[in-house]
1. Would you mind telling me which residue in Arg20, Arg51, Arg31 has the biggest mean-square fluctuation in a Gaussian network model of the chain, where springs connect alpha carbons within a distance under 10 angstrom?
2. Leaving out ligands and nucleic acids, and using a 1.4 Å probe, what accessible area per residue does the chain come to in Å²?
3. Calculated FRET efficiency, Arg38 and Lys70, Cβ-Cβ r, R0 25 Å, to nearest 0.05?
4. What span do the alpha-carbon atoms of region 18-84 cover on each of the three principal axes, reported in whole Å from largest to smallest?
5. So how much slack lies between Ala48 and Thr3, counting 0.36 nm per residue of separation and subtracting their Cα-Cα distance, in nm?
6. What accessible area, in Å² to the nearest ten, does a 1.4 Å probe give for Asp54?
7. Just name one of Ala15, Leu46, Leu60: the one whose Cα is farthest towards the positive end of the charge dipole of the chain (beta-carbon charges, Lys/Arg +1, Asp/Glu -1).
8. Can you tell me the length gained on complete extension of the stretch Thr25 to Leu10, counting 0.36 nm per residue apart and subtracting the Cα distance?
Amino acid sequence: MTTLQVQLNLPDQVAQEARRAGLLTGAAIERLIEEALRRDAGKKLLDAMQRMRDANVPPLTEEDITAEVKAARAAREASGEAGH
């Protein structure tokens with residue numbers, strides 16, 4: 001666990017509304033950050049998919065995906081990371 005101290009400068013009205021909504025607690029800020037990280041990961045995935053479409057990369061078949069998963073698992077086991 002990492003402890004961070006964060007200082008925010010918010011307009012008074014925004015700070016009051018955020019406080020009333022319970023958004024200025026550690027747990028609420030953690031949820032907001034987690035949601036932002038998920039949105040960012042989703043955006044990166046969508047951007048990558050668009051780049052693949054733009055480059056006319058054919059979609060992976062189910063067999064391709066299965067082979068990639070098996071290869072990744074084998075590589076992880078070979079490096080001693082199995083179960084992590």
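The values are calculated or read from the model by the stated rules, or taken from the named source; none is laboratory data. Since we're looking at a predicted model, the values are computed, not measured. Cβ: placed from backbone, ideal geometry, glycine included. Neighbour counts: every protein chain shown. Calculation scope for accessible area: heavy atoms of the full protein, side chains included, ligands and nucleic acids excluded. Shrake-Rupley method; radii C 1.70, N 1.55, O 1.52, S 1.80 Å.
1. Checking each option, the largest mean-square fluctuation is seen for Arg20.
2. That works out to 94 Å² for each residue.
3. Numbers: r = 28 Å, r/R0 = 1.10.
Approximately 0.35, to the nearest 0.05.
4. Principal extents (largest minus smallest coordinate, Cα): 52, 37, 17 Å.
5. The Ala48-Thr3 span can extend by a further 12.9 nm.
6. Ignoring ligands and nucleic acids, Asp54 comes out at about 110 Å².
7. It is Ala15, whose Cα lies furthest towards the positive end.
8. Numbers: separation 15, 0.36 × 15 = 5.40 nm, distance 1.50 nm.
Here the answer is 3.9 nm.
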